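Beneath this line is the structure, given in structure tokens, with notes to follow.
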Amino acid sequence: MYFEDNRNDTLQKKFGILGKSAGVQSMLETIEQVAPTDISVLIAGESGSGKELVALALHKHSRRAHKPFIIVNCGAIPAGIIESELFGHKKGAFTGAQSDRKGYFQSADGGTIFLDEIGETPLETQVKLLRVLEQGEFLPVGSSNMMKVDVRIVAASNRNLEKEVDTGTFRKDLFYRLKAITLVVPNLRDRKEDIPVLAKKFANDCAIRNQIIFKGFSEGAFQIMSHHRWPGNIRELKNFIESLVILEKGGVIKTDIVYRYLNAESSPTEYNPLLPVKLDRNVEQAERELILQQLFMLRREISEMKEIIVKGLQVRPTGDDSPEEYSPALEVLPNDGVQDISDDESSPILNPQMMGTLTAAQVEKELILRSLQRFNFNKRKTAQALQMAERTLYRKIKEYGIAKED
């Protein structure tokens with residue numbers, strides 16, 4: 001294990017890509033194998049996941065490292081001029097072409113060209129890209145003479161190109177020519193264990209760049225960030241961390257701060273069940289709600305709540321040999337962690353002395369009751385918060401005899 005960790009650290013430093021998750025480790029090992037070759041590479045991954053960083057790593061550790069690395073965002077170039085941008089044009093080729101112009105491929109000669117969002121290119125342009133891949137030559141717009149070029153092509157797309165082939169919007173021959181080596185960049189939500197190291201890196205870089213004192217993150221802050229889905233992936237995390245460092249300069253980034261900024265960025269019409277805490281709550285309240293939410297999510301991950309309650313109960317012998325019902329899943333929540341933040345002795349979930357005697361049904365009842373109270377017994381909002389069908393919520397309210405206090 002130590003050897004594997006040490007090797008992973010070495011690869012991270014070598015390629016400038018942080019992460020110890022399985023997906024990142026696999027990607028780094030593939031980069032190490034592929035980078036020294038001239039083979040074309042297709043990088044797949046969602047927007048903001050770091051595809052450009054992977055392409056740069058491939059270039060820097062190739063025999064072309066001393067030659068140009070040209071980045072082309074194919075999705076940002078209008079269809080009418082993309083061929084001129086890629087392959088150049090001759091004077092008089094079209095209105096406004098007042099002189100010869102080199103294209104990106106000619107500029108990248110001897111080096112690497114990174115075609116980001118290649119799925120956005122028109123079909124007629126894809127034909128010419130295939131010729132460059134297979135023959136190493138292209139025809140500038142308005143020219144009758146082929147130009148030779150020695151370029152390594154690294155392409156990327158956030159689309160499913162295989163589906164694009166099926167729908168006829170991407171050429172099959174180009175797809176199979178590119179996909180000989182495919183590197184998959186994992187989404188940030190699939191590598192949550194990497195969030196702390198990435199957050200620290202972005203925060204320190206931002207603090208140094210802007211000459212701001214940065215005092216770090218609390219563990220609770222990392223926990224909350226790890227439960228956000230980050231649809232914008234690493235790009236979103238980087239922007240979020242930089243905002244925190246600049247706007248909260250000089251202080252430790254704690255739980256309530258992360259909650260506040262993440263909630264502020266969420267759509268007001270889209271409820272986020274992972275961030276149910278109101279903005280006016282203090283740190284202790286926020287952490288308490290996090291524990292409750294985590295406990296509920298743990299119970300839901302196994303199967304339906306009712307099935308867990310029925311099948312998950314076991315018998316544990318006590319000192320006087322009398323049976324006592326308990327759920328082993330509850331024991332994953334450490335008593336000392338609850339005790340540190342508990343100031344409500346009336347709550348059986350937050351009282352460490354009572355925690356060991358609770359059944360799963362009692363915990364579920366308490367979660368439902370506290371959620372109802374939070375939303376002033378609004379059934380629809382409560383059901384959304386608990387990720388539960390309203391009909392199921394009504395049934396459980398009746399089953400547990402929960403009533404609104406006057």
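Derivation of every value follows stated rules applied to the coordinates shown; laboratory data play no part. Note that this is a predicted model, so its numbers are computed, not measured. Here the Cβ is made from the backbone with ideal geometry for all residues, glycine too, and neighbour counts use every protein chain on show.
log10 I(q)/I(0), Debye, Cα-only region 85-200, no solvent, q = 0.13, 0.17, 0.19 Å⁻¹?
Results for region 85-200 at q = 0.13, 0.17, 0.19 Å⁻¹ read -0.62, -0.90, -1.03.
Roughly how large, in nm² to one decimal, is the mean projection of the convex hull of the alpha-carbon atoms in region 105-146?
Numbers: hull surface 13.8 nm².
Average of the hull's projected areas for region 105-146 equals 3.5 nm².
Simple spin-label model, 7 Å along Cα-to-Cβ: Lys148 to Asp109 in nm?
Calculated label separation equals 1.1 nm.
How many times 2.2 N^0.38 Å is the alpha carbon radius of gyration of region 63-135? Could you put the intermediate results ahead of the total?
Working: Rg = 12.7 Å, N = 73, 2.2 N^0.38 = 11.2 Å.
For region 63-135, the normalised Cα radius of gyration is 1.13.
For labels at Arg380 and Leu247 in the simple 7 Å Cα→Cβ model, what's the distance in nm?
With each label placed 7 Å out from Cα toward Cβ, I get 2.9 nm.
Using the beta-carbon distance between Arg235 and Ile402 and R0 = 60 Å, what value does 1/(1 + (r/R0)^6) give for FRET efficiency, to the nearest 0.05? Please list the in-between numbers first.
On the way: r = 44 Å, r/R0 = 0.73.
Step by step, r from the Cβ atoms, then E = 0.85.
Show me, for region 199-209, the HN-Hα J-couplings you get by feeding each phi into the Karplus relation (A = 6.51, B = -1.76, C = 1.60, θ = phi - 60°), rounded to Hz, glycine and proline as x.
Here the 3J(HN,Hα) series is 4, 5, 4, 5, 5, 5, 4, 5, 5, 5, 4 Hz.
Suppose R0 equals 25 Å; then what is the FRET efficiency for Arg7 and Lys179 from their Cβ-Cβ distance, rounded to the nearest 0.05?
Numbers: r = 28 Å, r/R0 = 1.10.
Rounded to the nearest 0.05, the efficiency is 0.35.
Over 27 Å between Cα atoms: which of Lys254/Lys404; Lys91/Lys148; Lys238/Lys381; Lys13/Lys215; Lys14/Lys51; Lys200/Lys365 fall into that group?
Table pairs above 27 Å Cα-Cα are Lys254/Lys404; Lys238/Lys381; Lys200/Lys365.
On a full-extension model of 0.36 nm per residue, what is the gain between Glu193 and Leu123, subtracting their alpha-carbon distance, rounded to one decimal in nm?
Numbers: separation 70, 0.36 × 70 = 25.20 nm, distance 4.02 nm.
Full extension of this stretch gives 21.2 nm more.
If you build the Cα gyration tensor of region 189-265 and take the root of 5 times each eigenvalue, what three semi-axes come out, in whole angstrom, biggest first?
On the way: eigenvalues 66, 35, 26 Å².
Over the Cα atoms of region 189-265, the semi-axes work out to 18, 13, 11 Å.
If I model a spin label as a point 7 Å beyond the Cα along the Cα-Cβ vector, how far apart are those points for Arg395 and Glu219 in nm?
Rounded to a tenth, the inter-label distance reads 3.9 nm.
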